[in-house]
Amino acid sequence: MTHSRLAAAALAASALILPATAAAAGDAAAGAQLFKVQCGACHATEAGKNLIGPSLAGLIGRKSGSVAGFHYSPANRDAGITWNAEVLDKYLANPRAVVPGTIMPYAGLKNDAQRADLIAYLETLK
């Protein structure tokens, strides 16, 4: 393959990869809106403020079942999960598959792009 053909093939391949990478990164602003609609009734974003569900402030890097003052189900308390983007993506798609026995009454978010947006937003909550 000549240098120009190799360069053209690399450029074509990157054009296919870049949209997927951008979608995987998510849009935090869109995620904030989605959070209000799908999560905000049960979860606060302020540290130390628990609602029906635990506060999601500082979620990324946190161990499951570790928010002070929140009464977790045994399933969530003992899950042994450290929340990161990969785990959240699976959990938000199907919570009961990741934490069997969870009492969170959320059926899951099936749309990949919306999950990426929501995760991007959750990553901003320090």
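The values are calculated or read from the model by the stated rules, or taken from the named source; none is laboratory data. This one's a predicted model, so the numbers in the text were calculated from it and none came from an experiment. Using ideal geometry, Cβ is built from the backbone for each residue, glycine included, and neighbour counts are taken over all protein chains shown.
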Fill in the blank from the handout: Note: among Ile52, Ile60, just one is among the β-branched types (Val, Ile, Thr) and either in contact with an Asp or Glu (Cβ under 8 Å, 6 or more places away or on another chain) or on the phi > 0 side of the Ramachandran plot (or both), namely Ile60
Exercise for the section: Determine the pairs where a residue that is touching a residue at least 12 places away in the same chain (Cβ under 8 Å) and exposed (fewer than 12 other Cβ atoms within 10 Å of the Cβ), located within region 108-126, has a partner that is part of a helix (DSSP H, G or I) and not charged (D, E, K, R) with Cβ atoms under 9 Å apart, the partner being 6 or more residues away or on another chain. Expected result: Lys110/Ala93
Exercise for the section: Give the residue that is surrounded by the most Cβ atoms within 10 Å (Cβ to Cβ), with candidates limited to residues of region 1-51 that are hydroxyl-bearing (Ser, Thr, Tyr) and either in a helix (DSSP H, G or I) or modelled with pLDDT of 50 or more (or both). Expected result: Thr45
Exercise for the section: Would you please name the residue that is surrounded by the fewest Cβ atoms within 10 Å (Cβ to Cβ), looking only at residues in region 52-89 that are touching a residue at least 12 places away in the same chain (Cβ under 8 Å) and part of a helix (DSSP H, G or I)? Expected result: Pro74
Handout entry: Selected residue (criterion: nearest to Cys39 (Cα to Cα)) from residues of region 60-109 that are touching a helix residue (DSSP H, G or I) at 6+ places or on another chain (Cβ under 7 Å) and among the aromatic types (Phe, Trp, Tyr)
Key = Tyr106
